[in-house]
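Heads up, the thing below is written out as structure tokens.
The values are calculated or read from the model by the stated rules, or taken from the named source; none is laboratory data. Everything numeric here is computed off the predicted structure, so don't read it as measured data. Note that each Cβ is placed from the backbone with ideal geometry, even for glycine, and that neighbours are counted across all protein chains shown. Ligands, DNA and RNA are excluded from the accessible area calculation, which covers all protein heavy atoms including side chains. Shrake-Rupley method; radii C 1.70, N 1.55, O 1.52, S 1.80 Å.
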Amino acid sequence: MTVAAETGPATVETIVAESFQEWSRAISASFVPLLAQGPRNSAFHGTMRARVLGQISVVEVTAGPHAVLRTPELIAKSTGRFFKLSIQLSGSGRLVQDEREAVLRPGDLSIYDTSRPYQLTFDDDFRTLVLMFPHVLLDLPAEAMGHVTALRIPGDEGLGELISPFLVKLADNLEALSGTNGLRLVRNALDLVTTLFNGELDQMIETGRDPHLLLLGRIHDYIEANLGDPGLSPGTIAAAHYISTRHLHDLFQEIGTTVASSIRQRRLERCRRDLMDPVLAERPVTAIAARWGFTDAAHFSRIFRAAFGNSPTGYRNAGAVTSPNVGAWQVSPGADASSPGT
């Protein structure tokens, strides 16, 4: 296996595997631990080209026929919770997760969750783009995303027709993803992904006409629209939807969280993103906190440190060095490239 890294501001790291054994080690090191199945006794060639920007890995994968499985045993050994968005560029692939199966052809998209078992199968030579990022970077509840994993999003109709070409262009221009512009482009990609799957969830809710899901969807949209309001609270949310606060708390308990923690997590993520944004480098930390509803600077600093391991100012100055690693693309030079990722 050869590992090459271009130098300069537009660094694209490349891994080339000349055998399936090398490929098996490389994909586990580059993403999350995976069980690979393929032609162990025949010729195999695979290439990965990647950029890592903050907590987001953008990886172009080109390889021959094989399958990868994320098993419960491998999940139990992992600590990170990530989504992986797959955009089929050539060939075809089959994704299975949560008792759903998506057959992906060029231009199609699908998302899957590394914290639950899944299988990807490629019967012929293929090329795909994978965006891998922590759950917290997607502005949708992870619990809700469980309804749309392994769902084929056609790249030639609806929102997919608008978003797929942009993501395909990322694969064709990895070298351009550098510095401030590269970081903002990848964030824009995640914003588009959020819009895409929010639309799928809305359509699913409307089609099913489940009053419970309809209410949760409206509450989620309301919270998103009012994150900057310091007066946002269970009381105001319940009043806006003509329900009791007890009913509101019960709804959030059913999806494994609380109203307060959901609001706090979303606000902290907005602040983290603003602190990482070079365009906002001159904006005071207190102004960023206030923008997202934190009026007590000392309280904000305490909960930010608890969430991200550094003070807001320290996090900004470190340039996100303290962000969790995403795969082996952030392994320091000389490290064992075949060691499992998180």
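For the chain, adding -39500 (n - 2.57) for each run of n ≥ 4 DSSP H residues and dividing by the number of residues yields -12500 deg cm²/dmol at 222 nm.
Note on the chain: with a GNM built from Cα contacts shorter than 10 Å, the maximum mean-square fluctuation among LEU280, LEU85, LEU120 falls on LEU280.
Name the longest site-free stretch of the chain, where the excluded sites are GluC sites (Glu not before Pro) in a DSSP loop with no more than 16 other beta-carbon atoms within 10 Å.
Details: sites that count: GLU6, GLU18, GLU99, GLU157, GLU282.
It works out to 158-281.
Of all trypsin sites (Lys or Arg not before Pro) in segment 129-218, which ones are in loop regions per DSSP and have a Cβ with at most 16 other Cβ atoms within 10 Å? Please report the intermediate quantities before stating the final value.
Working: sites: ARG152, LYS169, ARG184, ARG187, ARG209, ARG218; in loops: ARG152, ARG209.
Filter output for segment 129-218: ARG209.
When the Cα positions of ALA189, SER164, THR313 are compared along the charge dipole of the chain, THR313 comes out farthest toward the positive end, with charges on each C-beta of Lys, Arg, Asp and Glu. Each residue was assigned an accessible area with a 1.4 Å probe, and for SER244 the value is about 60 Å². Build a GNM of the chain with springs between Cα atoms under 10 Å apart, and of GLY155, GLY64, GLY231 the one that fluctuates most is GLY231. Of VAL279, VAL96, VAL186, which has the largest mean-square fluctuation in a 10 Å C-alpha GNM of the chain? Between VAL279, VAL96, VAL186, it is VAL279 that shows the largest mean-square fluctuation. Looking at segment 134-236, the accessible area is 45 square angstrom per residue; that uses a 1.4 Å probe and ignores ligands, DNA and RNA. Heavy-atom surface analysis with a 1.4 Å probe gives the chain a carbon and sulfur content of 53 percent of its accessible area. What you get for the chain, charging only the Cβ of Lys and Arg (+1) and of Asp and Glu (-1), is a dipole of about 1020 debye around the Cα centre.
Approximating the spin labels as points 7 Å out from Cα along Cα→Cβ, the ALA225-to-SER42 distance works out to 5.6 nm. If R0 is 35 Å, the Cβ-Cβ spacing of ASP250 and THR295 corresponds to a FRET efficiency of close to 0.75.
Once the Cα atoms are used to define both axes, helix 259-276 deviates from the longest principal axis of the chain by about 60 degrees.
Compared with the dominant Cα axis of the chain, that is its longest principal axis, helix 20-30 is turned about 20°.
Once both labels are positioned 7 Å from their Cα atoms along Cα-to-Cβ, the gap between ALA76 and THR258 label points is 3.1 nm.
Report the local net charge at PRO154: Lys and Arg +1, Asp and Glu -1, summed over other residues whose C-beta lies under 10 Å from its C-beta.
Working: positive: ARG105, ARG152; negative: ASP108, ASP156, GLU157, GLU161.
Around PRO154, the charge tally is -2.
Within the assembled protein chains, the solvent-accessible surface assigned to ASP123 is about 100 Å², based on a 1.4 Å probe. On a 0 to 90 degree scale, rounded to 10, what angle separates helix 245-254 from the longest Cα axis of the chain? Helix 245-254 and the main axis of the chain meet at about 10 degrees. Each other residue within a Cβ distance under 10 Å of THR194 adds +1 if Lys or Arg and -1 if Asp or Glu, for a net charge of -3.
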